[in-house]
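Structure record follows, encoded as structure tokens.
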Amino acid sequence: MSDLGDGRGNGLGTDGPLVVVEGLSKTYRKGRRKVTALREVSFQAFPGELVAVRGRSGSGKTTLLNLVGGLDRPDAGRVAVDGRPVTDLPEQELAGLRRDVIGFVFQSFGLVPVLSAAENVGVPLRLARLPAREREDRVRTLLALVGLRDHAEQRPYELSGGQQQRVAIARALANRPRLLIADEPTGQLDSETARQIMELLRALVHDQGVTAVVATHDLSLMALADRVLELRDGRLSAPA
């Protein structure tokens, strides 16, 4: 694979934990009712490590990923990513962290329908104001990395579900994130395509030294992860 890194060391655990989660708790209100989504969750994730978070619907997987990625705030506990206190950052700094350090992949792909695959991948690079020549080179490299070199000009509706998710992964990698967060990235895919996507994520994580935290309910995909965290009723069911 092409080198998409920036000179940081690759390999599991070589730089200490990239993600530190301590005592994370979150409660939501639904009308007059309180629903506890997470209860004192703690774990660490290291460079070059693919961590899978499994659990039934409603177990707290999405809430955990949203808190780690700075998309929501906890009621208690703390999250640090790349040494930065996610839970304490003001919104402007948090937006910068999400733009520069964290890449997101969602079950629904989230592609812009009127843009080609190449244009979708290039959106974060435009926001970062990367010069046109560098942006085009980066997009070509990313599409080749996910096996879509020949599909650059196709729009999402012309691509299969697996190909769309590959575009979404390429877009998430555009700004060379240190952390990749994927929420049920194979949820809309058939079992064989899902396996291919998970294998792609694993290869990217190991080759590029990226940390990935992936929520999934598919037990057959657990073997592809370096480590599995299981959430039950908002708690980790076993030591991380």
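Computed from the coordinates by the stated procedures, all read-outs in this text should not be read as laboratory data. Just so it is clear, the structure is predicted and the values come from calculations on it, not from any experiment. Glycine gets a Cβ as well: all are built from the backbone with ideal geometry, and neighbour counts include every protein chain shown.
Assigned to a helix (DSSP H, G or I) and small (Gly, Ala, Ser): which single residue out of Gly96, Gly103 fits that description? Even if it seems obvious, please write down each step before you answer.
Numbers: Gly103 fails: assigned to a helix (DSSP H, G or I).
Every option except Gly96 fails the conditions.
Report whether or not Ala76 is aliphatic (A, V, I, L, M), in contact with a strand residue (DSSP E or B) (Cβ under 9 Å, 6 or more places away or on another chain) and touching a residue at least 60 places away in the same chain (Cβ under 8 Å).
Values: aliphatic (A, V, I, L, M): yes; in contact with a strand residue (DSSP E or B) (Cβ under 9 Å, 6 or more places away or on another chain): yes; touching a residue at least 60 places away in the same chain (Cβ under 8 Å): no.
Criteria not met by Ala76.
In the stretch 115-122, the condition of being in a helix (DSSP H, G or I), within 19 Å of the chain's Cα centre (by Cα) and surrounded by fewer than 21 Cβ atoms within 10 Å (Cβ to Cβ) is met by no residue. Could you look through the stretch 184-209, keep only residues that are part of a loop (DSSP other than H, G, I, E, B) and not acidic (Asp, Glu), and pick out the one that is farthest from Val167 (Cα to Cα)? Filtering the stretch 184-209 for residues that are part of a loop (DSSP other than H, G, I, E, B) and not acidic (Asp, Glu), the one farthest from Val167 (Cα to Cα) comes out as Gly209.
Say whether the condition of being in a strand (DSSP E or B) and in contact (Cβ under 8 Å) with a residue 60 or more places away in the chain is met by at least one residue in the stretch 80-88. Outline the logic, then answer.
Restricting attention to the stretch 80-88, the residues satisfying the condition of being in a strand (DSSP E or B) are 80-81, 84-85.
Now restrict to residues that are in contact (Cβ under 8 Å) with a residue 60 or more places away in the chain: 80-81.
Checked the stretch 80-88: at least one residue is in a strand (DSSP E or B) and in contact (Cβ under 8 Å) with a residue 60 or more places away in the chain.
Annotation note: of Arg138, Arg178, Arg171, the sole residue that is of a type in the set (D, E, K, R), under 20 Å from the mean Cα position of the chain (by Cα) and more than 26 Å from Leu65 (Cα to Cα) is Arg138.
Given the criteria under 23 Å from Val68 (Cβ atoms), basic (Lys, Arg) and in contact (Cβ under 8 Å) with a residue 40 or more places away in the chain, does Arg98 qualify? It is false that Arg98 is under 23 Å from Val68 (Cβ atoms), basic (Lys, Arg) and in contact (Cβ under 8 Å) with a residue 40 or more places away in the chain. Taking every residue in the stretch 186-212 that is under 19 Å from Val228 (Cα atoms) and pairing it with any residue that is hydroxyl-bearing (Ser, Thr, Tyr) and surrounded by 18 or more Cβ atoms within 10 Å (Cβ to Cβ), at least 6 positions away or on another chain, the pairs with Cβ-Cβ distances below 7 Å are Thr186/Thr216; Ala194/Thr186; Ile197/Thr186; Met198/Thr186. Of the residues making up the stretch 38-65, just one is surrounded by fewer than 20 Cβ atoms within 10 Å (Cβ to Cβ) and under 16 Å from Val101 (Cβ atoms), namely Phe46. Residues in the stretch 131-151 that are part of a loop (DSSP other than H, G, I, E, B) and surrounded by 19 or more Cβ atoms within 10 Å (Cβ to Cβ): Val146, Leu148.
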